[in-house]
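K.L.:
Below you'll find the structure I mean.
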Amino acid sequence: MFRSNNLAARVFERQILTPRPGASVNLVRHFYENLVPSCTIYDIDCPDHSFRKFTDDGQYLVSFSRNHQDLIVYRPTWLSFSCEGEDCDSHSLPQKAKRFDSFFTQLYCVSLASSNEFICKDFFLYMESHQFGLFATSTAQSHDAPTTEGAIDGVPSIERITFYLVRLEDGVILDEKAFCNDFVNLAQSMGVFLYEDLLCIMSLRYQTIHILQIRDSGNLVDVRNIGIFCREDDELFINSHAHCMGILDKSKLDDLSAHEVANDVQHHQVTQGTSLLSGIKQRLLSFIFRKTWNEEADPTLRVQHLKKKFYFHFQDYVDLIMWKVQFLDRHHLLIKFGSVDGGVARSTDQQPAFFAVYNMETTEIVAFYQNSSEELYSLFEQFYDYFHANSRNSLHASFISSHSNNTHALDQLWCIKNKTNNISQFVKKMMTSLPCTCQSQSPSPYFDLSLFRYDEKLISATVRHRHSTEHPIKFISRRQPNILKFKIKPGPEAGGSDGRPKRISSFLFHPYLPFALSIQQTYMQPTVVNIHFRR
C-alpha cells in the first residue's frame, strides 16, 4: 500500500487509503520501517538488578534483585529534555540520559523469597487481561532425596516451590500455591503453561499435571489433577475397590498361615503384579492398543501385529514418564512423554520421545505420535501458531512471525530441511520445541520477518541468553534489501579485547515502542546495559 519511505507521506496515505479487511494492524506495523531505535546510550548508570522482560502490553519492566530475594517493577517512560536553538537533533544528549531512571520509573520493590528460598530469575508469566504476574521461588535442589511413595526414582527433589500471583499495578501478593518435596522445571517457565485464565503445572517427581484457574479476584483455584487419577471420583472408586480386595486378601492369608515364609514372598509378588497403573498411563496404553488393533483388518494377522507393535514394546510404554505439557485450547493438552533420564536432561535431541493429545473433559487420549513422526511434523509446519496457543486477549502476541504465518520464515525452514541428509533426525530436532514454552517470544515488530532481516543466530524473538558478538547486529529492510535500518550493539562502545572471557548477551525489546535494552554479562565483571531508542 505504501509507496513512499517518508514517514509524513505514509501518515497521509493512511488517512486517505483503506486497508484490506483484517489487514489494518499489519499495515500499521509497516510504520516501524521508519520508526526504529536509531540512538544508543552505552553502559548506562543502572541498578544492579537481573532484568527479566517487558510485559506483553508494554506497561511494566520486571526485574529481580541480585540476591534473588526481591521483585522490582519499573514503568517505562521516555527521555525528555530541552535544548536551545531550532535543530535539537544536532545537540548531544544531556548527562541525565546516561541514567537508568531517565527511562524508567520504579513502582515498587516487593520481597518474595525467604532466607532459604530464592526467586527463579528465568520464570515469569503475565496475565495481560488483569495485569497479574506469576512468579516462583524455590529452595535448593537435592539429587539425594529419599524416595517417597508415588515419587519417580531419578528425579531430583526441591523441598519447597512456591508460586506467587502478584498484581503488577501495586505489587500486592494476591495468592500463592506451594509444592513440597517436588520438582517442577522452572527454567524458562518450561514446567508451567498459562492459557487465558487456566494454568497447568507439571510435577515431574509425582507425575501429576495440576490444573488451576486464576479468578478475577486474584485467587488460584484448583480445578483438577491429572496423573494417578483422571476424574474427580477415581480415587473414591479405587479406594472402595481396594477395601473389598483387602477383605479377600485377608481371608486368603488366614488359610495359608502354615507357610509364612513362602506366603510372604507369594503375597509380595501378587501385590507387585496387580499394582495399578496411573490413570493417564492406562489411558495411553488403551489408545495405543486400540490404534494397533485397528491397523490390521485381517483377524488372523491381528494377533501377530499386536505382538510385534504393542506387546513387544509394552514395558517401554509403561516406563514412559511425562516431561512437559501445554494447553492447545481450554479442553486439550499436548503432553510429551519420554524416559526418566530425559525428563531432567538439558538436551533431549537424542532421547526417544512421544506426544499425546489429551482431552481433559472426556479423559481420553485422542492422538499419539513419536517424535520422528512426519505426520506430526506436517502439522507443526502448517499450524505452528496453534501450538503456541496465544491468549485471545493478547493483541501483540498474535503477530509474532512463524513459518505458518510468514513466507520468509517458511523459506528459512525449507532451506534447512532441504540441506539435511537425514529427514528423521531433522524431524526429531524440530520436535524438541514441542510442547511450546509459554510466553517465550517477544512480540516486538522489529522481529517481524516481513519487515526486517537479521541474523537469527545472534538475535531473534525468542527471549534467551546468547553468546555476545563484537560486531553490531544489523536489521536490514525486507522491502529494500540493501538498506540498513538500524544496528544493535551489546557491550561497551569500544568493544572488548580478545583475551576477555566469553560474554553472554540478552535483548529486551519493548512490544511496540522503538526501545530496547541490551545486557552483556561477563564472568567476574560488571554487567553492561545499553539502551537503544529513537531520538
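K.L.:
If only one of L27, L35, L71, L61 is touching a Pro at 6+ places or on another chain (Cβ under 7 Å), surrounded by 12 or more Cβ atoms within 10 Å (Cβ to Cβ) and closer than 16 Å to V166 by Cβ, which one is it? Give the steps one after another, and end with the answer.
P.N.:
Details: L27 fails: closer than 16 Å to V166 by Cβ; L35 fails: closer than 16 Å to V166 by Cβ; L71 fails: touching a Pro at 6+ places or on another chain (Cβ under 7 Å).
On inspection, the qualifying residue turns out to be L61.
K.L.:
Quick one: which of S138, S129 is touching a Ser or Thr at 6+ places or on another chain (Cβ under 8 Å) and crowded, with 19+ Cβ neighbours inside 10 Å?
P.N.:
Working: S129 fails: crowded, with 19+ Cβ neighbours inside 10 Å.
Only one candidate qualifies: S138.
K.L.:
Does segment 148-155 contain any residue that is at positive phi and not hydroxyl-bearing (S, T, Y)? Can you show your working first?
P.N.:
At the first step, the residues of segment 148-155 found to be at positive phi are 150, 154.
Still in the list and also not hydroxyl-bearing (S, T, Y): 150, 154.
Checked against the condition, which is being at positive phi and not hydroxyl-bearing (S, T, Y), segment 148-155 yields at least one hit.
K.L.:
Additional query: Can you confirm whether T462 is more than 23 Å from F509 (Cα to Cα), under 18 Å from the mean Cα position of the chain (by Cα) and surrounded by fewer than 16 Cβ atoms within 10 Å (Cβ to Cβ)?
P.N.:
Details: more than 23 Å from F509 (Cα to Cα): no; under 18 Å from the mean Cα position of the chain (by Cα): yes; surrounded by fewer than 16 Cβ atoms within 10 Å (Cβ to Cβ): yes.
Criteria not met by T462.
K.L.:
May I pose another question? Taking the criterion of being open to solvent by 60 Å² or more (accessible area, probe 1.4 Å), within 23 Å of K98 (Cβ to Cβ) and in contact (Cβ under 8 Å) with a residue 12 or more places away in the chain, would at least one residue in segment 502-519 satisfy it?
P.N.:
Residues of segment 502-519 that are open to solvent by 60 Å² or more (accessible area, probe 1.4 Å), as a first pass: 502, 512.
Keeping just the survivors that are within 23 Å of K98 (Cβ to Cβ) gives none.
The answer is no; no qualifying residue exists.
K.L.:
Now for a different question. In segment 5-60, how many are over 17 Å from S450 (Cα atoms) and of a type in the set (G, A, S)?
P.N.:
5
K.L.:
Residues S433, S440: which one is more than 24 Å from S24 (Cβ to Cβ), surrounded by fewer than 15 Cβ atoms within 10 Å (Cβ to Cβ) and of a type outside the set (V, I, T)?
P.N.:
Working: S440 fails: surrounded by fewer than 15 Cβ atoms within 10 Å (Cβ to Cβ).
Sole residue among the options that is more than 24 Å from S24 (Cβ to Cβ), surrounded by fewer than 15 Cβ atoms within 10 Å (Cβ to Cβ) and of a type outside the set (V, I, T): S433.
K.L.:
Which condition number in (1) charged (D, E, K, R); (2) in contact with a strand residue (DSSP E or B) (Cβ under 8 Å, 6 or more places away or on another chain); (3) at pLDDT 90 or above is the one that K429 fails?
P.N.:
(2)
K.L.:
Ok, one more. Filter segment 275-301 for residues that are open to solvent by less than 60 Å² (accessible area, probe 1.4 Å) and touching a His at 6+ places or on another chain (Cβ under 8 Å); which is farthest from V366 (Cα to Cα)?
P.N.:
E296
K.L.:
State the number of residues belonging to segment 400-430 that are loosely packed, with under 13 Cβ neighbours inside 10 Å, aliphatic (A, V, I, L, M) and over 23 Å from Q188 (Cβ atoms).
P.N.:
1
K.L.:
Report whether or not E169 is modelled with pLDDT of 85 or more and assigned to a loop (DSSP other than H, G, I, E, B). Full working, then the answer.
P.N.:
Details: modelled with pLDDT of 85 or more: yes; assigned to a loop (DSSP other than H, G, I, E, B): yes.
Yes, satisfied.
K.L.:
Any chance you could count how many residues in segment 522-535 are within 17 Å of I41 (Cα to Cα), out of contact with any Pro (no Cβ under 7 Å at 6 or more places or on another chain) and polar (S, T, N, Q)?
P.N.:
Residues flagged as within 17 Å of I41 (Cα to Cα), out of contact with any Pro (no Cβ under 7 Å at 6 or more places or on another chain) and polar (S, T, N, Q) within segment 522-535 amount to 1.
K.L.:
Moving on. Looking at segment 183-191, is at least one residue without any contact (Cβ under 8 Å) to a residue 40 or more places away in the chain and more than 28 Å from Y108 (Cβ to Cβ)?
P.N.:
no
K.L.:
Based on this model, can you work out whether D298 counts as of a type in the set (D, E, K, R) and modelled with pLDDT of 90 or more? Before you say what the answer is, go through the steps one by one.
P.N.:
On the way: of a type in the set (D, E, K, R): yes; modelled with pLDDT of 90 or more: no.
No: the conditions fail for D298.
K.L.:
Ok, one more. Got a number for residues in segment 34-62 being over 29 Å from the mean Cα position of the chain (by Cα) and not in a loop (DSSP other than H, G, I, E, B)? Before the answer, list the steps.
P.N.:
Step one: of segment 34-62, the residues over 29 Å from the mean Cα position of the chain (by Cα) are 34-35, 38-45.
From what's left, not in a loop (DSSP other than H, G, I, E, B): 39-41, 45.
Residues flagged as over 29 Å from the mean Cα position of the chain (by Cα) and not in a loop (DSSP other than H, G, I, E, B) within segment 34-62 amount to 4.
K.L.:
While we're here: In segment 297-332, which residues are touching a residue at least 60 places away in the same chain (Cβ under 8 Å) and part of a loop (DSSP other than H, G, I, E, B)?
P.N.:
Scanning segment 297-332 gives L328, D329, R330.
K.L.:
Moving on to the next point. May I ask you to list pairs of residues, at least six apart or on different chains, whose Cβ atoms are under 8 Å apart, with the first in segment 281-296 being in contact (Cβ under 8 Å) with a residue 24 or more places away in the chain and the second being among the small types (G, A, S)?
P.N.:
L284/A356; F287/A356
K.L.:
I'm trying to understand the selection: among the residues of segment 111-126, which are in a loop (DSSP other than H, G, I, E, B) and buried (at least 16 other Cβ atoms within 10 Å of the Cβ)? I'd like the intermediate steps shown before the answer.
P.N.:
Initial filter on segment 111-126 (in a loop (DSSP other than H, G, I, E, B)): 112-117, 120-124.
Of everything in segment 111-126, those that are in a loop (DSSP other than H, G, I, E, B) and buried (at least 16 other Cβ atoms within 10 Å of the Cβ) turn out to be L112, A113, E117, C120, K121, D122, F123, F124.
K.L.:
Taking D448 and the conditions (1) more than 30 Å from F337 (Cα to Cα); (2) of a type in the set (D, E, K, R); (3) open to solvent by 30 Å² or more (accessible area, probe 1.4 Å), which numbered condition does it fall short on, given that it satisfies the others?
P.N.:
Every listed condition holds for D448 apart from (3).
K.L.:
Could you pull out every one of the helices (runs of 4 or more DSSP H) wholly within segment 377-491 that has 3 or more residues that are more than 26 Å from A356 (Cβ to Cβ)?
P.N.:
Numbers: elements: 384-388, 407-419, 423-431.
Helices (runs of 4 or more DSSP H) meeting the threshold: 407-419.
The values are calculated or read from the model by the stated rules, or taken from the named source; none is laboratory data. Model, not experiment: these values are computed from the prediction. Positions of Cβ are backbone-derived with ideal geometry, glycine not excepted, and every protein chain shown enters the neighbour counts. Surface areas here come from the heavy atoms of the whole protein model, side chains and all, with no ligands, DNA or RNA. Shrake-Rupley method; radii C 1.70, N 1.55, O 1.52, S 1.80 Å.
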